[in-house]
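Quick notes on the structure that follows.
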Amino acid sequence: MKNTRNTKQTTIDYFNSTAEDYDKSHDGKFVQCMYDTIVNRVLDLNPKTILDLGCGNGNIIARLQKRLNADYYGLDISEAMIAQAEKRLLNVHFMVGDAEKLPYEDNKFDAIVCNASFHHYPHPKAVIREIQRVLKKDGTLILGDPTVPFKLLTGFLNSTMAHSNSGDHHIYHKSEIIDLLSQEGFQVYGWAKPNYKTFVLNAKLS
């Protein structure tokens, strides 16, 4: 089993190395199918303060800024990804940081987006509790992540995660991610699959 420090460092190293050409990389192309769904869900909420958790090079925020006037924050564990985001976008509060220790005060955000980063987190409950802390009581989490069609295949993939060279930690199937969020006080709604290998959901504090 991969230890926590190695998982995080592998993630940092991988995304630092791919930051400049991320959009052309396999990962960059993989996540694009979720962008429109996530952006439309944010627009439906019309939030005033938005955190993109695991923001990468800022692709989600770039799309949102064209359509929504809001106070934007982006956090990522990769220094190089944040550097790319800062080159591209103005008027965004970008920061390098760990999702398990968010550098924000309680009850700050109307909406939190977490797109294609949750499966990298070795302590998902710690991250959910931090999301819960910084999200306003009537705020919404919009979570998008990879998945696979069958529960059995999810188990097989997770058995190989110790050998991931990109810091992948755990792939979630539908009931698993809903149960995890529910255990931490979230009510999940709006489950959808942009395609067979990704999902997007909304979650509000119960």
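Table for the structure above
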item	result
Residue check, C55 closer than 23 Å to F30 by Cα and in a loop (DSSP other than H, G, I, E, B)	yes
Residue in region 136-150 that is hydrophobic (A, V, I, L, M, F, W, C) and out of contact with any strand residue (DSSP E or B) (no Cβ under 7 Å at 6 or more places or on another chain) present	yes
Checking Y72 against (1) of a type in the set (S, T, Y); (2) without any contact (Cβ under 8 Å) to a residue 40 or more places away in the chain; (3) closer than 22 Å to N6 by Cα, the condition it does not meet	(3)
Region 170-200, residues that are aliphatic (A, V, I, L, M), within 17 Å of H123 (Cβ to Cβ) and surrounded by 18 or more Cβ atoms within 10 Å (Cβ to Cβ)	I171, I177, L181
Filter pass, T18 being within 16 Å of the chain's Cα centre (by Cα), assigned to a helix (DSSP H, G or I) and hydroxyl-bearing (S, T, Y)	no
Out of D52, D71, D44, sole residue that is under 14 Å from N115 (Cα atoms) and of a type in the set (D, E, K, R)	D52
Members of region 23-51 found to be under 21 Å from A192 (Cα atoms), out of contact with any strand residue (DSSP E or B) (no Cβ under 7 Å at 6 or more places or on another chain) and in a helix (DSSP H, G or I), listed by number	D27, G28, K29, F30, Q32, Y35, D36, V39, N40, L43, D44
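Per-residue answers, yes or no, for (1) within 21 Å of Q183 (Cα to Cα); (2) out of contact with any Leu (no Cβ under 7 Å at 6 or more places or on another chain); (3) free of Cβ contacts under 8 Å to residues at least 60 places away in the same chain:
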position	(1), (2), (3)
A62	no, no, yes
I77	no, yes, no
E86	no, yes, yes
G97	no, no, yes
E105	no, yes, yes
A111	yes, no, no
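Values in this text are rule-based calculations from the coordinates and carry no lab data. None of the values given here were measured: they were computed from a predicted structure. No Cβ is skipped: glycine too gets one built from the backbone with ideal geometry, and neighbour counts run over all protein chains shown.
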